[in-house]
Amino acid sequence: MRDLIIEPTRKTPEIVFKCNGELYLNGISLPQNVIDFFMPVFSWLEELKAHSPQRIRFVIDLVYLDTSSTKAILSMLKVLKKMVPGEDDLEIVWKYEHGDMDMLDQGEVLQRTTKIPFRFEEIDE
């Protein structure tokens with residue numbers, strides 16, 4: 001199994017998913033075809049599941065995401081939740097720019113929907 005690295009574009013995020021369970025999603029997520037864009041991510045997660053990770057840390061640091069990307073991230077979170085042995089073995093870090101209440105709200109909605117505790121980090125622009 002290899003790390004998954006997808007370089008960012010103007011409309012797609014940087015994705016760095018490491019085999020050690022460190023997952024990063026950074027930038028803007030506005031892909032034209034969300035299914036095509038995130039398909040390698042879900043394939044990689046299925047491969048990671050076979051390796052039974054003991055701990056996963058997923059850092060989501062997005063400036064903007066569209067509705068389709070939100071649904072894809074929700075699906076990723078559900079997969080990750082089933083993958084680890086216990087609730088304490090999944091750490092979700094939701095970063096948002098100082099004063100960006102819309103991004104904070106989106107993270108809070110995902111937290112409530114998945115019932116996974118998030119750590120929210122407000123960062124300077």
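Only the coordinates and a few stated rules stand behind these numbers; no lab work does. All values derive from a computational prediction rather than experimental measurement. With ideal geometry, Cβ positions are generated from the backbone for all residues, glycine too; neighbour counts draw on all protein chains shown.
Worth a mention:
- Chain lengthening between Q32 and R112 when straightened (0.36 nm per residue, less Cα-Cα): 26.1 nm
- By the beta-carbon count within 10 Å of each Cβ, the least crowded to most crowded order of F42, F58, F118, fewest first, is F42, F118, F58.
- The order of S68, S29, S75, going from fewest to most other C-beta atoms within 10 Å of their C-beta, is S75, S68, S29.
- Neighbourhood charge, 13 Å Cβ-Cβ cut-off, centred on E87 and excluding it, Lys, Arg +1 and Asp, Glu -1: +1
- Around S29: net Lys/Arg minus Asp/Glu count, Cβ-Cβ under 13 Å: 0
- Counting DSSP beta bridges with both ends in the chain, the antiparallel % (nearest 5): 25
- Local charge for L4 was computed over the other residues whose Cβ lies under 14 Å away, with Lys and Arg +1 and Asp and Glu -1, and equals -3.
- Here the contact order of the chain, divided by its residue count and restricted to Cα pairs under 8 Å and six or more residues apart, works out to 21 percent.
- Each part gets one Cα centre, and for region 55-75 versus region 88-121 those centres are 10 Å apart.
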